[in-house]
1. In the range 77-112, what count of residues is obtained for those that are surrounded by fewer than 23 Cβ atoms within 10 Å (Cβ to Cβ), within 14 Å of ligand 1 (Cβ to nearest atom) and under 18 Å from residue 64 (Cα atoms)?
2. Considering (1) in contact (Cβ under 8 Å) with a residue 12 or more places away in the chain; (2) touching a helix residue (DSSP H, G or I) at 6+ places or on another chain (Cβ under 9 Å); (3) in a loop (DSSP other than H, G, I, E, B), say which one residue 66 fails and leave the rest.
3. Taking residue 84, is it more than 16 Å from ligand 2 (Cβ to nearest atom), farther than 22 Å from residue 198 by Cβ and within 18 Å of the chain's Cα centre (by Cα)?
4. Of everything in the range 156-175, what is at pLDDT below 95 and under 11 Å from the mean Cα position of the chain (by Cα)? Give them in sequence order.
5. Within the range 92-130, how many residues turn out to be in a strand (DSSP E or B), touching a helix residue (DSSP H, G or I) at 6+ places or on another chain (Cβ under 7 Å) and more than 23 Å from residue 22 (Cβ to Cβ)?
6. Being within 18 Å of the chain's Cα centre (by Cα), closer than 26 Å to residue 107 by Cβ, surrounded by 13 or more Cβ atoms within 10 Å (Cβ to Cβ) and within 9 Å of ligand 1 (Cβ to nearest atom): is that true of residue 69 here?
7. For the range 1-32, name all the residues that are more than 16 Å from ligand 1 (Cβ to nearest atom) and closer than 14 Å to residue 96 by Cα.
8. Has the range 69-80 got at least one residue that is part of a loop (DSSP other than H, G, I, E, B) and within 15 Å of residue 39 (Cα to Cα)?
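The values are calculated or read from the model by the stated rules, or taken from the named source; none is laboratory data. None of the values given here were measured: they were computed from a predicted structure. Because the Cβ atoms are built from the backbone with ideal geometry, glycine has one as well, and the counts that use them run over all protein chains shown.
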Ligand SMILES: Nc1nc2c(ncn2[C@@H]2O[C@H](COP(=O)(O)OP(=O)(O)OP(=O)(O)O)[C@@H](O)[C@H]2O)c(=O)[nH]1
Ligand SMILES: [Mg+2]
């Protein structure tokens, strides 16, 4: 039987050539110190040559997403990842690879570990307006959806891969991060946040989550609230 890796790292990346050229060698070294048995998957949209070349230069696996958006990229990565644990992280150097060690240390302590900007000890280096909006949206979603989580929109996470892969995810953009939380928490899975220091993007341009996806976030809220109630009422199991 094929031997599965211990850890898969899934990195959604759109036009992230210069960032990946810095990130991937560091990540490989750090993850290699945790387990000899890992894989790195870079998920991108078709014809993004700079991302494909940077990923191949560091011997990462390249996956082309079939559904659009950040959510589409994550789903493509989840489908092909073979590890027992699965880390998701951004390509733009906002998620320092050395922090994978902190997530890895906690892997037995919960089903999902979140690198959290908003628990005591965590930090978010971002423009004040964006920071404020992020805090407001995060606390609005946490309260409205009844989730005991401070940083719902952090994409730097470690999962129990089998549990994650059992979910049928429908969200296509950054709202997929909140959908995953709703589904796991409603099923009684354990979620833990660890304090994390978020760095601003260095090269390249934003696919910004907050401003551009404002209306989508409101729709997401109502969809997920309905989902949360249905799961709690036991109508559906996923
Ligand atoms: N494959 C793929 N990757 C994406 C998509 N949208 C965003 N990404 C990647 O997902 C990660 C997070 O997106 P960012 O653009 O950094 O979003 P953000 O962190 O809110 O914005 P910044 O402030 O610019 O960092 C980055 O690695 C992006 O390259 C997408 O549609 N497909
Ligand atoms: Mg970013």
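1. Residues that pass the stated criteria total 5.
2. Looking at each condition in turn, residue 66 falls short on (1).
3. So residue 84 fits the description; yes.
4. Answer for the range 156-175, where residues must be at pLDDT below 95 and under 11 Å from the mean Cα position of the chain (by Cα): 174, 175.
5. Going through the range 92-130 one residue at a time, the tally reaches 2.
6. Criteria not met by residue 69.
7. Matches in the range 1-32: 25, 28, 29, 30, 31.
8. Filtering the range 69-80 for residues part of a loop (DSSP other than H, G, I, E, B) gives none.
Checked against the condition, which is being part of a loop (DSSP other than H, G, I, E, B) and within 15 Å of residue 39 (Cα to Cα), the range 69-80 yields no hits at all.
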